[in-house]
Amino acid sequence: MAEKRIDLFIAMSLDGYIADQIGSVGWLEEIEGEGDNGYTTFLDEIDTVVMGHTTYKQLFTLTDTFPYSKKHVYVFSNEKAGTKDEYAAFVNGSVENWLETTEGKSIWLVGGAQLVKKFLEESFIDRFIITVAPIILGDGIPLFEKGTREQLYLEEVTQYGQFTQMTYRKKE
C-alpha cells in the first residue's frame, strides 16, 4: 500500500461528545470561534474525505451546498455499499481493504464515532486534530467509546477564539 496519511479532524464538547443526545451538532454554533477555526487550511491539505453514513446524511442538514465536491468522497455504509450517488462512493468492509483500493494520499476521517472506532481498531489514524468547544453537554455521542485506548503524542495547541485545537500523533 502506498504511503497514505489519515487525519481525524473533529470537534467535541469539553466532556468528549461529538453530538448531543439527538445527534445534533448545533451547539457548536453557540461558541465564538475565530475565522473558520482552521477548517480551510486543513481542507486544502487533503484529497480524500471518508465518513460514516449517519454523518453523511447529517451533512445535508447543515449546508445547502456539498462542501467536498473537489475531493474524493467515500461513505462507509452497510446499506448502500457498492453504489454511488452524485457526491460519494459507498463502501464497507475493513478499513485496510478500502485503503488498498483508494487513490487518496491525504485522507480526512470526518466521523462519526462508529467509524472512528473502526479506524482505531485497525490502527489507521495517523494524526488526531481535535477541537474542543467550551461546553459541557452531559450526554450524547462520545468521540471515543468506552474501552478505547491509544497512546498519543501532543504536537501542537492552537486557540481559535473560545475553541482549543490540539494536534496529536500516534506514539511510536
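Name the pairs whose Cβ atoms lie under 9 Å apart, with the first residue in segment 1-30 and more than 24 Å from Lys146 (Cα to Cα) and free of Cβ contacts under 8 Å to residues at least 24 places away in the same chain, the second open to solvent by less than 70 Å² (accessible area, probe 1.4 Å) and among the charged types (D, E, K, R), and 6 or more positions between them or separate chains?
Within 9 Å, the pairs are Gly26/Asp20.
Among Ser77, Ser69, which is surrounded by fewer than 12 Cβ atoms within 10 Å (Cβ to Cβ) and either at positive phi or polar (S, T, N, Q) (or both)?
When all the criteria are applied, what remains is Ser69.
So Ile135 clears everything in (1) closer than 16 Å to Leu28 by Cβ; (2) open to solvent by 50 Å² or more (accessible area, probe 1.4 Å) except one condition, right? Which one?
Result: Ile135 fails condition (2) only.
Can you pull out every residue in segment 138-153 that is modelled with pLDDT of 95 or more, more than 18 Å from the chain's Cα centre (by Cα) and either within 17 Å of Lys117 (Cβ to Cβ) or open to solvent by 60 Å² or more (accessible area, probe 1.4 Å) (or both)?
Listed by number, the residues that qualify are Asp139, Tyr153.
Could you please let me know if Val116 is closer than 25 Å to Tyr160 by Cβ and either crowded, with 18+ Cβ neighbours inside 10 Å or in contact with a Phe, Trp or Tyr (Cβ under 9 Å, 6 or more places away or on another chain) (or both)?
Judged against the criteria, Val116 is a match.
Go through segment 119-128 and count every residue that is open to solvent by 10 Å² or more (accessible area, probe 1.4 Å) and either of a type in the set (Phe, Trp, Tyr) or within 12 Å of Leu143 (Cα to Cα) (or both).
Number of matching residues: 2.
The values are calculated or read from the model by the stated rules, or taken from the named source; none is laboratory data. If you're wondering where the values come from, they're calculated on a predicted model, not measured in any experiment. With ideal geometry, Cβ positions are generated from the backbone for all residues, glycine too; neighbour counts draw on all protein chains shown. Just the protein is used for accessible areas: all its heavy atoms, side chains included, with ligands, DNA and RNA removed. Shrake-Rupley method; radii C 1.70, N 1.55, O 1.52, S 1.80 Å.
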